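**Student:** First, the structure itself, so that you have it in front of you.
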Amino acid sequence: MLPGLELGAVTGWLAQYGFAMLRIGAFLIASPAFGGRFVPAQVRVVAVVVLALPVMAGGIAGGVVLPAPADLAGLAVLRLVFTEIVLGLVAGMVLTVLFGAAALAGDKIAATAGLGFAAQFDPAAGGQTPVVAQLFGLLMLMIFLGGDGHLAALRIVLESYQAVPVGAPVDFARIVGVGLTTGSRMFALGMGVMLPVVACLLLLNIAVGVVTRSAPSLNLFSFGFPITMAATLVLLYVTAPVTGAALEDVVAEGLTAVASVLGGADGGR
């Protein structure tokens, strides 16, 4: 005869499984590529369930210490749930914020080139964004996925259960500091991505202004606008390798920030 399972044991196992999905689920919701609106909710649910299997297996084997089913039934578990969700959300948000450097660079290039009106609805941003910004965002996503950055991010999240065990004290001041530093780094990285193109366009606009000032009969829109658009396309093509290298640095710094949150959030461990 097959051994039977008690309902209480099954319920406790499911409660532990749900708890194991908190940190991973919060990270997937807040991170780019995984939490985008273009990803169906069913795919995200399946991804969370599958990625929680190693954590649950480690908990059964003793590698990851999960709360006992009896502890999950008390109010004390609310603190653990809050900590797990905060760790996952902050790790995903710092990665998303740094990835915003690509869209920021594309937006500023479009504004400098006079292409800000060429905008369409972006489902990821939830509004109208310039086409150049969307192209930079897609390039950022391609570099992230093509370089196996998503696998590295998931590995960091799964290994964080060893660096920051469940129930360990967490230094929230350190997490806030990482978040603030990430915001400033986004602007710095975005400037590094857009600076070659924007600097050349600025010099071109100065030259067009001098020419139109010297010859008032020339129409600024019929003379300067086509030149600026053509120069923008040429500059984007010429600086593509430099832009790709800069976006690779954004991916590397994003993974470092995630590791800093999940690997160094435990105060002093």
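**Student:** What residue among 175, 156, 239 has its Cα farthest toward the positive end of the dipole of region 7-264, where the charges are +1 on Lys, Arg and -1 on Asp, Glu, each on the Cβ?
**Tutor:** The residue sitting most towards the positive pole is 239.
**Student:** So, with +1 on the Cβ of K and R and -1 on the Cβ of D and E, and no other charges, what is the size of the charge dipole of region 7-264 about its Cα centre, to the nearest 20 debye? Write down the numbers at each step before the final one.
**Tutor:** Values: 9 positive and 10 negative charges, 63 e Å.
In total the dipole reaches around 300 debye.
**Student:** Can you tell me the length gained on complete extension of the stretch residue 162 to residue 131, counting 0.36 nm per residue apart and subtracting the Cα distance?
**Tutor:** 6.9 nm
**Student:** With a cut-off of 14 Å, note down the residues of region 101-115 whose backbone N falls inside the zone around a label point 7 Å from the Cα of residue 202 toward its beta carbon.
**Tutor:** What the label zone holds, given the 14 Å backbone N cut-off, is 108-109, 112-113.
**Student:** Rounded to the nearest 0.05, what FRET efficiency do residue 227 and residue 187 give with R0 = 41 Å and r taken as the Cβ-Cβ distance? Could you check?
**Tutor:** The pair residue 227/residue 187 has a calculated efficiency of 0.90.
Just so you know, all these numbers are worked out from the coordinates, no wet-lab data involved. Given the structure is predicted, the values throughout are model-derived calculations rather than measurements. Glycine gets a Cβ as well: all are built from the backbone with ideal geometry, and neighbour counts include every protein chain shown.
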